[in-house]
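Have a look at the structure below before the remarks.
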Amino acid sequence: MPPHPNRVLGIDPGSRLCGWGVVERDGARLRHVDNGVVVLTDPAPLAERLDRLWAALAEVIARHDPGQAAIETVFTQRNPRSALVLGHARGVALAALAHAGLAVHEYTPQQVKKAATGTGRADKAQVQHMVTLRLELPEPPQADAADAVAVALCHAQHGGVAAPGVQLPPRPVRGGPRKAKAGLAALVRAQQQGKAKR
């Protein structure tokens, strides 16, 4: 079965809780397909947990046949060991996506929050709430799954599924309030142009 070109798999990487979410463009709207969490909280060695993460993500990919994939970039961790372990899990997720032949698109946490809620400073509860509202879900997904759905939404909105040619900036705008405001204005204009083309 060929992959669904308008279906996006989003990944919120984690070494103990790895969220995943699938959304699809259905005409003029984005539709929720499925979401879940790979739970790896047992005391097994890291290598075994990473192996199970690979297998679980491979099963999700095979079941939903996404045409595109998106993943959240690693945010700064205060604990170097936590950052290293998270990097291992993210590497496994990237490898599983690449092994399936999926082009992988990366977004910062700020970009994902902005796409889901309208602000790059939203907390997990706000992301859960907005994902639930926007996709008309009967109940909020688990927090890590909601984050992954938000990653998929971010790419579906700005990576070519919803509005070809409209892209989020690759990184948050730096250089003070004036540049940030100019960058936000440019993003709004790009989104409006994308909507006008549809």
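The values are calculated or read from the model by the stated rules, or taken from the named source; none is laboratory data. What you see is a predicted model, and the numbers here were worked out from it, not measured in a lab. No Cβ is skipped: glycine too gets one built from the backbone with ideal geometry, and neighbour counts run over all protein chains shown.
Filtering region 85-120 down to residues that are assigned to a loop (DSSP other than H, G, I, E, B) and in contact with a helix residue (DSSP H, G or I) (Cβ under 7 Å, 6 or more places away or on another chain), which residue is surrounded by the fewest Cβ atoms within 10 Å (Cβ to Cβ)?
Only one residue tops the list, namely THR119.
Just a yes or no: is a residue in region 74-81 closer than 21 Å to ARG25 by Cβ and within 16 Å of the chain's Cα centre (by Cα)?
No, region 74-81 contains no residue that is closer than 21 Å to ARG25 by Cβ and within 16 Å of the chain's Cα centre (by Cα).
Please go through region 121-154 and give me each residue that is of a type in the set (D, E, K, R), more than 23 Å from VAL74 (Cα to Cα) and part of a helix (DSSP H, G or I), ordered by number. Outline the logic, then answer.
Step one: list which residues in region 121-154 are of a type in the set (D, E, K, R), which gives 121, 123-124, 134, 136, 139, 144, 147.
Then drop every residue that is not more than 23 Å from VAL74 (Cα to Cα), which leaves 134, 136, 139.
ARG134 - this is the single residue of region 121-154 that is of a type in the set (D, E, K, R), more than 23 Å from VAL74 (Cα to Cα) and part of a helix (DSSP H, G or I).
Taking VAL60, is it of a type in the set (A, V, I, L, M) and out of contact with any helix residue (DSSP H, G or I) (no Cβ under 6 Å at 6 or more places or on another chain)?
The answer is yes for VAL60.
Can you tell me which residue within region 1-24, out of those that are surrounded by 19 or more Cβ atoms within 10 Å (Cβ to Cβ) and of a type in the set (D, E, K, R), is farthest from GLN128 (Cα to Cα)?
ARG7
Is there a residue in region 12-23 that is part of a helix (DSSP H, G or I), at pLDDT 95 or above, under 18 Å from ALA152 (Cβ atoms) and among the β-branched types (Val, Ile, Thr)?
No, every residue in region 12-23 fails to be part of a helix (DSSP H, G or I), at pLDDT 95 or above, under 18 Å from ALA152 (Cβ atoms) and among the β-branched types (Val, Ile, Thr).
Scanning for something within 22 Å of GLN128 (Cα to Cα), in the same structural domain as HIS129 (by TED's automatic domain parsing) and buried (at least 19 other Cβ atoms within 10 Å of the Cβ), does region 71-82 turn up at least one residue?
Looking for residues that are within 22 Å of GLN128 (Cα to Cα), in the same structural domain as HIS129 (by TED's automatic domain parsing) and buried (at least 19 other Cβ atoms within 10 Å of the Cβ), one finds at least one in region 71-82, hence yes.
Being in a helix (DSSP H, G or I) and among the polar types (S, T, N, Q): is that true of GLN68 here?
Numbers: in a helix (DSSP H, G or I): no; among the polar types (S, T, N, Q): yes.
So GLN68 does not fit the description; no.
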